[in-house]
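Only one structure is covered here, and it is reproduced in the block below.
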Amino acid sequence: MSNRDSLLLYKLFLILKYLRKRRIAWVSLIAVTLCTAMVLIVISVMGGWLRMFRESFHAVAGDVIVRNHSLRGFPYYQEMINRIEKLPDVEAAAPIIKAYGLVNIINGASDGVQVIGLPIDKIAQINEFPKSLYRQYQQLIDEADDKTNGLTSDQRAKLRARAAEQAKHPSFDLPLKCEDYKEVLPKSTNDVCKYPGLIAGAGVLRIHKDQQGNIIGRGPQLYRYWIKLTVLPLEKGEKLSSTLPPAETFWVVDDSRTKVWQYDNNTVYVPFKNLQKDLDMMGTPSDPTDPARTSEIHVKIKPGANLITVRDEVQKTIDQVMADHDETVTMFPPEAETWEQVNSLWLGAIEKEKLLVTFLFGIISIVAIFLIFCIFYMIVMEKTKDIGILKAVGATSSGVAGIFLGYGLTIGIVGGLLGLGAGYGIVHNINYLHEQMGRLLHVQIWDPEVYAFDTIPNTMNTHEVIVIVSIAVIASVIGALVPAIRAARLNPVESLRWE
Amino acid sequence: MTQAIPTTGPAPASSDQPILSARSLKKTFKMGDSQVTVLKSVDLALKPGEFVAIEGRSGSGKSTLLHLLGALDTPDEGQIFYTGKDIAQYTAAERSHLRNTQFGFVFQFYHLLPELNVIENTLLGTMIEYSWFAFKAKKHDLRARAKELLTQLGLEHRLKHRPNQLSGGERQRVAIARALMNKPKVLFADEPTGNLDTETGRQIMAVLESLHRDSGQTILMVTHDRTIARAADRTLILRDGRLVAPGEH
């Protein structure tokens, strides 16, 4: 009896025999394969989409953001920045103003936008915003990536290096000669060459991608566009200022595609000082009761630093500055938040969407468990006499149960691995398959404009793969569990009499 | 087919102590709302090397008795002793082991696994007994023994055939080979010729007689056929739930 609890040969032997000979079991195998592949594809695409969104949101923000939820902003920001930059885990900090305004592009219809005032010379130290600019960065990358222009790999590398260098020094500088601007506005009595530069979200300029991902609307005249911007300054008490400033005219110097819808379709970027002046946030240098204000401070932390710790340190610093100026009691105190907290509404929505879709597909996958249960139950019924024979020649009840559990386990492992293979193949070629589907069936599921990304996410997360394949294996064993228990409990004599 | 099968492992025929015995066995089955007592009080002693036939009409409880004695089922009352030990004291796993290593079964309807070929069916009990590694280590010897048994039974040309490719007589000979593979101390035969024509049945009986005569195999056979029962050393009649000697009332 020494070997009876060990790895018994007949179980493996019969599992393999049944797997090969009982083709009905292949239906369960196919069900497990399809369900595994389906859940893997959904999770990979949704997860990839979420990851890309997170990257995009993070790319236009500092790691820690100080804000006070008031359009009037908060004072003493420069002093705060000076102290924050002295914190050991902080790399840089910069003020940013966010406001609302009206834009009028070349005397067309006016449109409401979010206006962001950037210290452009410092923004590259804070986030990846410069890489969203077409003229100053993306154009060079597109050229380097264009496989039809006949460039050598060395030339492409140089273009990429140049783009990277330019991204370190973005600017609002006018791209054309002074004469060109005068030519655009010949009747203007102002010095049009002194109009400041403005970067517009691509959507504001009606630049968009078609369903094939081609850029539409970025014509050669783009940098001859002028934009009149009207902003709405607030007085103390959060009231709209009684004296609205005149519209300020800007030249379009670039367009930005951050891949965040709210920014790309609804935002223009102007020099920090211009917006501060237009919003009457410059303060009065001679009046200590009217300091200059900003609406946000974005902080870049050093690599490896703990985000939460730095956030708390920043909070302490700004509290200290406010306390130094006896500003401890204010209706809208500035607060430090992480970039994830600031964007939690959007990121949370996508995370919930991913969870919901995964849950729905998970429910569909329960069908596979039920299918395995039904098929295994059928097999056990069909094999009742065989179970009697096995017991008659010495198989134990646990041994018989082991055959069916092992059968389920094998189907789970093989189905899970086949599903992984199918899922991997589909996810990694999903853009090619999508392209072919569009070409052959004229079906376009992924609209680059709607989803903000040109391509469907096509990477798999190892952790998610392990979890999903493990669930497939466990589910298959669960599906086989009840039939296995029934098989184990069969009386050998009754089984032998089974017809 | 009538040649000797030398490789079985019976107990010595000289011992007077019964290898298998039953005392006051009772078995009742539920049939709808009523209960039918198939075995009322069965006493039996099977000595090593003995060939005993139990004869009885259809439905008399012959197969039930064989299942009880072969540890496939349990009696409602009474005791069964194997080599002096009450098998009611065995655990379920020990009873399985008993069936695997000490007993061999030949059934009326052969009961071969349809997915397995002749040699695989023959090796089934051995595969249950051994682990993967132990089987691998003895694979050559075990396969040689299976082939030898099948050759003795005239099936050497059918080793790779599946049961559905064999005649009834051939299937029953495969069942005999499977039963003998683990050298059982007791061979149980439940109507071994019941599903065969006369000539094939005669051949199967010749195999059993040869096993008993040449190798001293202990055999307990149940049958409804008196001519078949004559092959045994001793015949008992199962009548009204009791075992009686022929001519006894």
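Count, please, the residues in segment A:359-377 that happen to be β-branched (Val, Ile, Thr) and crowded, with 17+ Cβ neighbours inside 10 Å. Final tally of qualifying residues: 3. Could you check how many residues of segment A:25-41 are of a type in the set (Val, Ile, Thr) and surrounded by fewer than 18 Cβ atoms within 10 Å (Cβ to Cβ)? Here the count works out to 2. A single member of A:Phe373, A:Phe359 is more than 30 Å from the chain's Cα centre (by Cα) and either closer than 30 Å to A:Gly415 by Cβ or aromatic (Phe, Trp, Tyr) (or both), and it is A:Phe373.
Looking only at segment A:91-128, count how many residues are more than 19 Å from A:Lys168 (Cβ to Cβ) and part of a strand (DSSP E or B). Of the residues in that region, 18 qualify.
Take the conditions (1) outside any loop (DSSP other than H, G, I, E, B); (2) touching a residue at least 24 places away in the same chain (Cβ under 8 Å); (3) in contact with a helix residue (DSSP H, G or I) (Cβ under 8 Å, 6 or more places away or on another chain); A:Arg218 misses just one of them, which is (1). Applying the condition of being within 14 Å of chain A (Cβ to nearest Cβ) and crowded, with 21+ Cβ neighbours inside 10 Å to segment B:68-94 and asking which residue is nearest to the chain's Cα centre (by Cα) yields B:Gly70. Based on this model, can you work out whether A:Glu165 counts as assigned by TED's automatic domain parsing to the domain that holds A:Asp255, farther than 17 Å from A:Pro271 by Cβ and acidic (Asp, Glu)? Considered against the rule, which asks whether it is assigned by TED's automatic domain parsing to the domain that holds A:Asp255, farther than 17 Å from A:Pro271 by Cβ and acidic (Asp, Glu), A:Glu165 comes out as no.
Looking at A:Val231, A:Val260, just one residue is aliphatic (A, V, I, L, M) and modelled with pLDDT of 90 or more, and that residue is A:Val231. Screening A:Met80 with (1) in a helix (DSSP H, G or I); (2) surrounded by fewer than 21 Cβ atoms within 10 Å (Cβ to Cβ); (3) touching a residue at least 24 places away in the same chain (Cβ under 8 Å) gives one miss only, at (2). Residues in segment B:99-119 that are at the interface with another protein chain (Cβ under 9 Å from one of its Cβ atoms), part of a helix (DSSP H, G or I) and crowded, with 20+ Cβ neighbours inside 10 Å: B:Arg99, B:Asn100. The residues listed here are A:Leu50, A:Leu16; of these, the one that is farther than 14 Å from A:Gly412 by Cβ, within 14 Å of chain B (Cβ to nearest Cβ) and in a helix (DSSP H, G or I) is A:Leu16. So which residues in segment B:120-139 are of a type in the set (A, V, I, L, M) and either more than 8 Å from chain A (Cβ to nearest Cβ) or within 20 Å of the chain's Cα centre (by Cα) (or both), if there are any at all? Result: B:Leu123, B:Leu124, B:Met127, B:Ile128, B:Ala137. The residue list B:Lys147, B:Lys139 contains one member that is more than 22 Å from B:Ile54 (Cβ to Cβ), surrounded by fewer than 16 Cβ atoms within 10 Å (Cβ to Cβ) and not hydrophobic (A, V, I, L, M, F, W, C), which is B:Lys139. Candidates A:Ile81, A:Ile43: the one that is modelled with pLDDT of 85 or more and in contact with an Asp or Glu (Cβ under 6 Å, 6 or more places away or on another chain) is A:Ile43. Checking every residue in segment A:385-407 against the condition of being farther than 29 Å from A:Val367 by Cα, part of a helix (DSSP H, G or I), among the aromatic types (Phe, Trp, Tyr) and assigned by TED's automatic domain parsing to the domain that holds A:Trp26 gives zero matches. With the condition kept exactly as written, say whether any residue in segment A:172-184 is free of Cβ contacts under 8 Å to residues at least 24 places away in the same chain and in a loop (DSSP other than H, G, I, E, B). Yes: one or more hits.
Against the condition modelled with pLDDT under 90 and either surrounded by fewer than 16 Cβ atoms within 10 Å (Cβ to Cβ) or touching a Phe, Trp or Tyr at 6+ places or on another chain (Cβ under 7 Å) (or both), how does B:His157 come out, does it pass? No: the conditions fail for B:His157. Considering segment A:274-301 alone, what residues qualify as being at pLDDT 95 or above and of a type in the set (Lys, Arg)? Result: A:Lys300, single match. Would segment A:197-207 turn up any residue that is exposed (fewer than 15 other Cβ atoms within 10 Å of the Cβ), charged (D, E, K, R) and within 20 Å of A:Leu279 (Cα to Cα)? Looking through segment A:197-207, none of the residues is exposed (fewer than 15 other Cβ atoms within 10 Å of the Cβ), charged (D, E, K, R) and within 20 Å of A:Leu279 (Cα to Cα). A single member of A:Gln136, A:Gln125, A:Gln155 is in contact (Cβ under 8 Å) with a residue 60 or more places away in the chain and surrounded by fewer than 17 Cβ atoms within 10 Å (Cβ to Cβ), and it is A:Gln125.
Look through segment A:262-307, keep the residues that are part of a loop (DSSP other than H, G, I, E, B) and under 32 Å from the mean Cα position of the chain (by Cα), and return whichever of them is surrounded by the most Cβ atoms within 10 Å (Cβ to Cβ). Here the residue is A:Ser295. Restricting segment B:192-208 to residues that are part of a helix (DSSP H, G or I) and touching a residue at least 60 places away in the same chain (Cβ under 8 Å), the residue that is farthest from B:Asp233 (Cα to Cα) is B:Gln203. Does A:Arg51 satisfy being within 30 Å of A:Lys354 (Cβ to Cβ), in contact with a Gly (Cβ under 9 Å, 6 or more places away or on another chain) and basic (Lys, Arg)? When the stated conditions are applied, A:Arg51 does not pass them.
Exactly one residue out of A:Thr410, A:Thr396 is buried (at least 18 other Cβ atoms within 10 Å of the Cβ) and within 14 Å of another protein chain (Cβ to nearest Cβ): that is A:Thr396. For segment A:57-67, name all the residues that are surrounded by fewer than 21 Cβ atoms within 10 Å (Cβ to Cβ) and not hydrophobic (A, V, I, L, M, F, W, C). Correct list: A:His58, A:Arg67. Being outside any helix (DSSP H, G or I), surrounded by 15 or more Cβ atoms within 10 Å (Cβ to Cβ), modelled with pLDDT under 85 and hydrophobic (A, V, I, L, M, F, W, C): is that true of A:Ile456 here? Yes: the conditions hold for A:Ile456.
Taking segment A:60-74 as the range and being assigned to a strand (DSSP E or B) and closer than 28 Å to A:Arg257 by Cβ as the test, the residues that pass are A:Val64, A:Ile65, A:Val66, A:Arg67. Given the condition surrounded by fewer than 16 Cβ atoms within 10 Å (Cβ to Cβ), touching a residue at least 24 places away in the same chain (Cβ under 8 Å) and within 14 Å of another protein chain (Cβ to nearest Cβ), answer yes or no: does some residue in segment A:470-490 qualify? Within segment A:470-490, one or more residues are surrounded by fewer than 16 Cβ atoms within 10 Å (Cβ to Cβ), touching a residue at least 24 places away in the same chain (Cβ under 8 Å) and within 14 Å of another protein chain (Cβ to nearest Cβ).
The values are calculated or read from the model by the stated rules, or taken from the named source; none is laboratory data. No experiment lies behind these values; they were computed from the predicted model shown. Every residue, glycine among them, receives a Cβ derived from its backbone with ideal geometry; neighbour counts consider all protein chains shown.
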